[in-house]
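In what follows, a structure is listed as structure tokens, so that the remarks can point back to it.
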Amino acid sequence: MAIIEITGNVQSRFIQAAVLLHLLDPVRGEPTTHGLDRDLNEFELNRERLLKRKFLDSFALICATKKDGDTVSAASLEEGLPEGTVIRVASNHGVTKATLCGLQELVSILNAVASGECIASHKESEVPARIISLDIARIRYYLKELRSVSDNVKEAIGRFKSGTAYLQTDHSRSVNFTEWIAHVFEIRDLAPDLAPNSCILYQGPGVPSMGLPILKLGRYAVASMALLRLASEFPSLFSPMLVEPAIAPQKVQFTITKQEMPLTSVLRRLVTSSQVDDYISRLARVWGVVDAEVHFREACALSLSVHAEMQLLNFYDHNPGRRPAFRFIGVSKKSCFLCQRFLVNHPQAFGVSSCHQKLYLPWRPPPAANATIYRQYKSITTDLSKDMEAAAKQELQNRLGLRRPVPPDSTAGVSLSGLSGEFVVGETLYATSSLSPIDVVDLTSPDEELSQSSFNISPVGDAFSIAKMVFHVMRPGETQRQDIIAIRDILLGEN
């Protein structure tokens, strides 16, 4: 089967528009979120839809086994097939056989829960353990970050209390710092029914450095709950459920010769001929380079890949009989600006949960295996080029030299809202408690000289054990919209 790529003038115009817009400002707006920020009552009208969204975002997160761009993943749900329900997964550089095998083993547990062979509460330890085993490389990275923060805090406290250093430092600031760090441990022992206003004492400016790795580790605990909840409430989806990959196209190189003048070419489409040289000079000053044309030409030399969301879209365009009725793509991290815009312009109306609005240059539209799909992709790509050129023109005229704040790519993960009901704290803190040890994965990488002890999910333990900490977030005036970061089941053996 011949594969038709978008090349030639259409590709060159797209690359030129994307590179110019990226160099002007790679952030194309405020990050968007669809789903988690909607009113909870809207979701209660269709609980199955809510749980499917959370399931797919969680599954995509688990599929992204490493912290790199190649494993950024997406997942969709194909229902009503003769063989059962299929989770279609894709990663930027392809899903490995090992990852696929681990995902299917995880789904086998969910199939057993759905069939009644076992109950969900009996698998609340095994599912997180399986997830940790599959995503061990990524989890070790976050643990290393967290341990680094812990070491820095201990060193800082030691310096502040070492006498001379403590006395030579602004005493009021030193006292404030030591009191603040003490609050971290006091928060752990607060009563679970404490009014939110009572916690204002512990609020500091911004998120402390330990916050991000804790939030990212907490995603895996909530993901395991999302998987089990769908299997428990909608077992017909697991009769059985299978995991199949979308095949990732190879990366392609976009090359450009030294004789080409891509910056001049794109500017001629945006401004009058008499303004081109003036804008090239101004861009050189803004970019801090001697020759803006050379700088732009070098930025156009790219290794282009088809993102995971685009791979799934491409699969369903070529296999319409498997196209899901539920047009939602779960993602391991927020979708990029170009993926989101391509999905919006595509007639099948697939959606994603969020978009970080950053323009990634190593992006290309998916290839096609027939002329009809090729024409559709070519039309969407041409429209994207025109939209980016219009945006670049606005930047040149009104915002040259200005840049928006750069948002993070990833999020805190799936919200706990809708997974545990009204009594989220009690369920989350105590439902999985057990006095017997469980099998765990060694979280220590070979190059780490950290002693690890066996993990026991027991309420008795070190008073300062980070592994026992839970972060519970409630929105003021909306008690049913809650989020919780429970890292007890993630930081196994941390102490």
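The values are calculated or read from the model by the stated rules, or taken from the named source; none is laboratory data. Please read these numbers as outputs of a predicted model, since none were measured by experiment. Ideal geometry is used to build each Cβ from the backbone, glycine not excepted, and the neighbour counts take in all protein chains shown.
Numbers for the structure displayed
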item: Filter pass, L302 being within 23 Å of A390 (Cβ to Cβ) and within 24 Å of the chain's Cα centre (by Cα); result: yes
item: Selected residue [in contact with a strand residue (DSSP E or B) (Cβ under 6 Å, 6 or more places away or on another chain), modelled with pLDDT of 95 or more and assigned to a loop (DSSP other than H, G, I, E, B)] from V95, V107; result: V95
item: Candidate set: segment 295-314, residues that are of a type outside the set (A, V, I, L, M, F, W, C) and closer than 20 Å to T7 by Cα; chosen: the one surrounded by the most Cβ atoms within 10 Å (Cβ to Cβ); result: H307
item: Check on S385, in a strand (DSSP E or B), more than 21 Å from L56 (Cα to Cα) and either in contact (Cβ under 8 Å) with a residue 12 or more places away in the chain or of a type in the set (A, V, I, L, M, F, W, C) (or both); result: no
item: Considering residues of segment 71-105 that are loosely packed, with under 14 Cβ neighbours inside 10 Å and of a type in the set (D, E, K, R) only, the residue farthest from L237 (Cα to Cα); result: K97
item: Unique residue being modelled with pLDDT under 95 and either exposed (fewer than 14 other Cβ atoms within 10 Å of the Cβ) or part of a helix (DSSP H, G or I) (or both) when the list is L402, L343, L419; result: L402
item: Wholly within segment 236-325, strands (runs of 3 or more DSSP E) carrying at least 1 residues that are free of Cβ contacts under 8 Å to residues at least 60 places away in the same chain and within 30 Å of S76 (Cβ to Cβ); result: 252-254, 302-304
